[in-house]
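Participant: Here you go, one structure.
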Amino acid sequence: MTTFVDRVELHVAAGNGGHGCASVHREKFKPLGGPDGGNGGRGGDVILTVEQSVTTLLDYHHSPHRKATNGKPGEGGNRSGKDGEDLILPVPDGTVVLDKAGNVLADLVGQGTSYVAAQGGRGGLGNAALASARRKAPGFALLGVPGDVQDIVLELKTVADVALVGYPSAGKSSLISVLSAAKPKIADYPFTTLVPNLGVVTAGSTVYTIADVPGLIPGASQGKGLGLEFLRHVERCSVLVHVLDTATLESDRDPLSDLDIIEEELRQYGGLENRPRIVVLNKVDVPDGKDLAEMVRPDLEARGYRVFEVSAVAHIGLRELSFALGDLVGKARAAKPREEATRIVIRPKAVDDAGFTVTREEIGGEPLFRVRGEKPERWVRQTDFNNDEAVGYLADRLNRLGVEEQLMKAGARGGDGVAIGPEENAVVFDWEPSVTAGAEMLGRRGEDHRFEAPRPAAQRRRDREAERDEAGREFDDFEPF
């Protein structure tokens, strides 16, 4: 059964925003108490967060679909809906987030590092929030905006200081088991190691991590064997250790040719040219292995490599190797630029950005004018097209934004098709220019002229007062005989 997964395709969906509420306050003696519909709640985000206790992407391999909760709709009495809860997805340290095209979206390294993979939709405004001095009783509310839906790829790149590379059965697993407390699977057949193993080594005052990468073979950088799947785990390592088998039973192999082949695979994979390297001649406890190690050591040192003869079984040369690796790791850490506290720069989206484009297309020989922009597309998603007043409100917003003016400049005429949004999810309608002549005689959409008229009780009171005033004037004009 698979227990280690380092690459998964994840389908994430943020929560939808809750719908706004259209409600009018009603109580005794107040038949028109005004709009009191609350706003909808915000949808929850989907957030990837680095958690040190997580070491594999196995959970997402079995459950690749993850969704945050939706925001609750608003209610009457000016009660806003509850926000949806954010969905926190823990990932291992060293996880890279990519889109379907392979573009890197985020590189998550370090405890607590997070990335918003899908953003929740905003809640719709209730009619209380839409009310104004000119629009006192809106009979509609805005719908909530759907949350983002994304297909992303998660790749795990092991965060270690030292990487052991070499042919299958070269003794890498045995070496990491004696240098650290790691307990990898060890056997006398190729590709015993199917997943990277991590171990912690203490060399004097230096503590570093060492990774055992599954065996490489010719063609690994092109996907042959297990190499391509696990070469990514070498990328973050500061030191590379070539583990060469000096007691191989294959007649067509020798340590020098093994080294050349592995170096060629690393070169083709790319990005590892400047990493310091150490050569380990393993299995020198075997008589033939010791003889072969003494033969090839001068050639390796002539190439500039630092060579160590070790035996994982007999524990020969391990202390010297451990301290040498600790020294290289210490130098690599010292050479890194000093990490400064991350400066948090907040760059909020410009909510008042009125940018939009109008382009002309031909569909079946008929013109179609497509409107693209953050505001028009969001407004369309928030509109209840079953409510004529809401549709009129949308038309007013688009007109104030300048969409109608740009349509006329682009050559649109009455009856031409207009699409707002992307091709796969657009709202299409037949455009009719607004009539401006006599518009001053018409009320604005969403206005309720009942609020302009006096209330019946108040009107009756005024009528009685007027009658008394009139009777008083008649009494003053009366002259006795």
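Participant: Using only protein heavy atoms and a 1.4 Å probe, report how much of Met295 is accessible, in Å² to the nearest 10.
Facilitator: Result for Met295: roughly 130 Å² accessible.
Participant: Which of rounded, prolate, oblate describes the range 239-337, given a ≥ b ≥ c as roots of the alpha-carbon gyration tensor eigenvalues and a/c under 1.5 marking rounded, otherwise prolate only if a/b is larger than b/c?
Facilitator: Numbers: a/c = 2.32, a/b = 1.34, b/c = 1.74.
Cα axes put the range 239-337 in the oblate bin.
Participant: Okay, next question. Work out how much length Asp469 to Glu155 would gain on full extension: take 0.36 nm times their residue separation and subtract the Cα-Cα distance, in nm to one decimal.
Facilitator: That pair, Asp469 and Glu155, stretches by 104.3 nm at full extension.
Participant: According to the square roots a ≥ b ≥ c of the eigenvalues of the Cα gyration tensor, what is the shape class of the range 1-61, taking rounded for a/c under 1.5, prolate for a/b larger than b/c otherwise, and oblate for the remainder?
Facilitator: Prolate shape, in that a/c is at least 1.5 and a/b is the bigger ratio.
Participant: Could you work out how far apart the two model spin labels at Val178 and Val313 are, taking each label as a point 7 Å from the Cα in the direction of the beta carbon, and quote it in nm?
Facilitator: 1.0
Participant: If you take the beta carbon distance between Glu264 and Val428 as r and set R0 to 51 Å, what does 1/(1 + (r/R0)^6) give as a FRET efficiency, to the nearest 0.05? The partial results should precede the final answer.
Facilitator: Numbers: r = 57 Å, r/R0 = 1.12.
Calculated transfer efficiency: 0.35.
Participant: Please label the shape of the range 241-287 as rounded, prolate or oblate, based on the square roots a ≥ b ≥ c of the eigenvalues of the alpha-carbon gyration tensor (a/c under 1.5 means rounded; beyond that, a/b larger than b/c means prolate, else oblate).
Facilitator: Values: a/c = 4.31, a/b = 1.77, b/c = 2.43.
Oblate.
Participant: Provide the FRET efficiency to the nearest 0.05 for the Arg462-Glu51 pair, computing r from the beta carbons and using R0 = 56 Å.
Facilitator: Numbers: r = 71 Å, r/R0 = 1.27.
My answer for the efficiency is 0.20.
Participant: How large is ³J(HN,Hα) for each residue in the range 33-40, as worked out from phi by the Karplus curve 6.51 cos²θ - 1.76 cosθ + 1.60 (θ = phi - 60°), to whole Hz, x for Gly and Pro?
Facilitator: x, x, x, 9, x, x, 7, x
Participant: Using R₀ = 60 Å, calculate the FRET efficiency as 1/(1 + (r/R₀)^6) where r is the Cβ-Cβ separation of Asp291 and Gln111; round to 0.05.
Facilitator: Here the calculated transfer efficiency is 0.80.
Participant: Still on this structure, I have one more. Need one number: nm distance between label points at Ala334 and Glu362, each 7 Å from Cα along Cα→Cβ, rounded to one decimal.
Facilitator: 7.1
The values are calculated or read from the model by the stated rules, or taken from the named source; none is laboratory data. Worth saying up front: this structure is predicted, and the values here are computed from it rather than measured. No Cβ is skipped: glycine too gets one built from the backbone with ideal geometry, and neighbour counts run over all protein chains shown. Note: accessible area is taken over every heavy atom of the protein model, side chains too, but ligands, DNA and RNA are not part of it. Shrake-Rupley method; radii C 1.70, N 1.55, O 1.52, S 1.80 Å.
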